[in-house]
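Here the structure comes first, spelled out in structure tokens, and everything after it is commentary.
The values are calculated or read from the model by the stated rules, or taken from the named source; none is laboratory data. Here the structure is a predicted model, which is why all the values come from computation and not from measurement. When we count neighbours, we look across all protein chains shown, and the Cβ atoms used for this are built from the backbone with ideal geometry, even at glycine.
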Amino acid sequence: MTRGGGATDPGVAVVIPTHGRPHGLRRCLESLARQDVPPAEVVVVDDGGMPPVDRAALPDLPGLVVVAQPHAGAGAARMTGVARTRAPILAFLDDDCSVPPDYVAAVARVFREHPATQVAQVRIVHPEPDNPYGRLWTFILDGLHRVNARPGPDGRLLSGTLGGVMIARRDVFTRVAYDPRLHVALEDADLRWQLHLAGIAVHWAPAVRVRHHVPRTLAGHLRQFVRYGRGAVHLARKWGATPPPFRACPLTGPRDLLDLVRREGIAGGVGLYGVLWMRRLALLAGSLWERVIPRRGRPRW
């Protein structure tokens, strides 16, 4: 595809794993249908969701392919999507995301203007200002970025963390891959570890924005962190004493409380600070659950 000035953009394929969230998936695809520059391919991987993805109910989006697989987790679904794409640039979204009209163009611009880029973490924004858990996610992500970003040799920031919503050259996946054993959560943290050991830098690409529509209830918010706690058990079993390339960010210190109070007022700040402590307990509960309760199909290390 070409843009003004005669420059050639690399083709961008969008990969979306989904599991039983038809409304979220439709919202995501509708946002891709409104792109200033359309993606070359869109591969939706139905990871054994119920109800199954109904192709006829999805937007009429050129290049859209739906692939079904037995439930194996988001990482395995992303690798299925990678195998079905041909474009040189891959943009990963989740089914609880949507994107602004300049998303695909911004992705292509990163790799056109910085050809050495292999992987980049995009900016995650939360589009519902009345959702306190969305605002808390923003606070959490800001904290993670603050302690894990560092200047790179070309002057751009490098990111120590990597989420499932990111962008990469497809040939990166000849050297690393999402591990299907990390089927519960934190498959993205595992991939960041692999990239670090392979010597592949992760750049920070804030011009590429993705909207993350988070649950609007406390229970939905905490369920996410129970899964993270479960995933952390598998991550620790795999990597053992190998130093991680990222730093943890608990966000439960007195400075964090003051920051939240400045943002939210006294009542709102104290309330969300309490949720941060509940988040830590949810992580612990998930870890204990995964360690204590026997389950079939547990990964072997």
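So the values come out like this:
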quantity: Only one of A205, A201 that is surrounded by 19 or more Cβ atoms within 10 Å (Cβ to Cβ) and among the small types (G, A, S); calculated: A205
quantity: Matching residues, region 151-160, being part of a strand (DSSP E or B) and under 20 Å from the mean Cα position of the chain (by Cα); calculated: L157, L158, S159
quantity: Region 77-123, residues that are assigned to a loop (DSSP other than H, G, I, E, B), of a type in the set (A, V, I, L, M, F, W, C), touching an Asp or Glu at 6+ places or on another chain (Cβ under 8 Å) and within 30 Å of V184 (Cβ to Cβ); calculated: A87
quantity: Single residue of L191, L195, L272, L276 found to be touching a strand residue (DSSP E or B) at 6+ places or on another chain (Cβ under 7 Å), touching a residue at least 24 places away in the same chain (Cβ under 8 Å) and in a helix (DSSP H, G or I); calculated: L195
quantity: Filter result for the condition that a residue is of a type in the set (V, I, T), more than 14 Å from A13 (Cα to Cα) and at pLDDT 95 or above, over V110, V104, V53, V45; calculated: V110
quantity: Extreme residue, farthest from V37 (Cα to Cα), among residues of region 111-124 that are aliphatic (A, V, I, L, M) and surrounded by fewer than 23 Cβ atoms within 10 Å (Cβ to Cβ); calculated: A116
quantity: Residue within region 116-123 that is modelled with pLDDT under 95 and over 27 Å from A72 (Cβ atoms) present; calculated: yes
quantity: Flag if Y133 is over 21 Å from A91 (Cβ atoms) and among the aromatic types (F, W, Y); calculated: yes
quantity: Condition broken by D36, with the remaining ones in (1) under 19 Å from the mean Cα position of the chain (by Cα); (2) under 21 Å from A168 (Cα atoms); (3) outside any strand (DSSP E or B) satisfied; calculated: (1)
quantity: Region 214-243, residues that are of a type outside the set (A, V, I, L, M, F, W, C) and either part of a helix (DSSP H, G or I) or modelled with pLDDT of 95 or more (or both); calculated: G220, H221, R223, Q224, R227, Y228, G229, R230, G231, H234, R237, K238
quantity: Region 124-139, subset part of a loop (DSSP other than H, G, I, E, B) and without any contact (Cβ under 8 Å) to a residue 40 or more places away in the chain, residue farthest from the chain's Cα centre (by Cα); calculated: D130
quantity: Test for H183: is it farther than 16 Å from L283 by Cβ, in contact (Cβ under 8 Å) with a residue 60 or more places away in the chain and more than 14 Å from the chain's Cα centre (by Cα); calculated: yes
quantity: Residue selected from region 56-89 under the condition among the charged types (D, E, K, R) and within 17 Å of C28 (Cβ to Cβ), by the criterion surrounded by the most Cβ atoms within 10 Å (Cβ to Cβ); calculated: R78
quantity: Near pairs, Cβ below 6 angstrom, 6+ apart or cross-chain, from region 226-246 (touching a residue at least 60 places away in the same chain (Cβ under 8 Å)) to any residue that is assigned to a helix (DSSP H, G or I) and among the hydrophobic types (A, V, I, L, M, F, W, C); calculated: V226/A282; V226/A285; G229/L283
